[in-house]
Ligand code: SF4
């Protein structure tokens, strides 16, 4: 969506959408087309608002979902206790992140 929006700005012409292509056997060599419609524009706006607010506030918390750290390549950097630490964070501080995760 961000590429499609950037292209729309560059071309100063409407863009119909974006396309993902999974070029691996695991991805099934499938194509996913994401239309640049009012719903996807609203989702992109939400993402940009949340990320912008996080950067402005200097609050970019690690908040892995249950089990995410187990196989993550960054575990040596984060350490083994990130899931326990996130459980102690005030839920209201993670509300924006929950909103992002709920987007479709
Ligand atoms: S190890 Fe770190 S980067 Fe990986 S899922 Fe856990 S918190 Fe996120």
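Each reported figure results from applying straightforward, stated rules to the coordinates on display, with no laboratory input. Small disclaimer: the values here were computed from a predicted structure and weren't measured. Here Cβ is always computed from backbone atoms with ideal geometry, including for glycine, and neighbour counts include all displayed protein chains.
Return one number: the angle in degrees, 0 to 90 and rounded to the nearest 10, between the long axis of the Cα atoms of helix 2-11 and the longest principal axis of the Cα atoms of the chain.
Roughly 40 degrees, rounded to the nearest 10.
Where does the chain land at 222 nm, in deg cm²/dmol rounded to the nearest 500, when only DSSP H runs of n ≥ 4 count, each adding -39500 (n - 2.57), divided by all residues? Write down the numbers at each step before the final one.
Details: 5 runs with 48 residues, N = 104.
Calculated mean residue ellipticity at 222 nm is -13500 deg cm²/dmol.
Calculate, for residue 19 and residue 101, the FRET efficiency according to 1/(1 + (r/R0)^6) with r their C-beta to C-beta distance and R0 30 Å; round to the nearest 0.05. Walk me through the numbers on the way to the answer.
Working: r = 24 Å, r/R0 = 0.78.
Calculated transfer efficiency: 0.80.
Roughly how compact is the chain, stated as its Cα Rg over 2.2 N^0.38 Å to two decimals?
Against the empirical 2.2 N^0.38 Å value, I get 1.35 for the chain.
Given the range 7-57, report the % of alpha carbon pairs whose separation exceeds 13 Å.
On the way: 896 of 1275 pairs.
Value for the range 7-57 (Cα pairs over 13 Å): 70 percent.
After finding the eigenvalues of the alpha carbon gyration tensor for the range 47-89, what semi-axes result from the square roots of 5 times each, listed largest first in whole Å?
Over the Cα atoms of the range 47-89, the semi-axes work out to 23, 11, 10 Å.
Any chance you could check the Cα centroid distance between the range 3-41 and the range 45-97 for me, in angstrom?
27 Å
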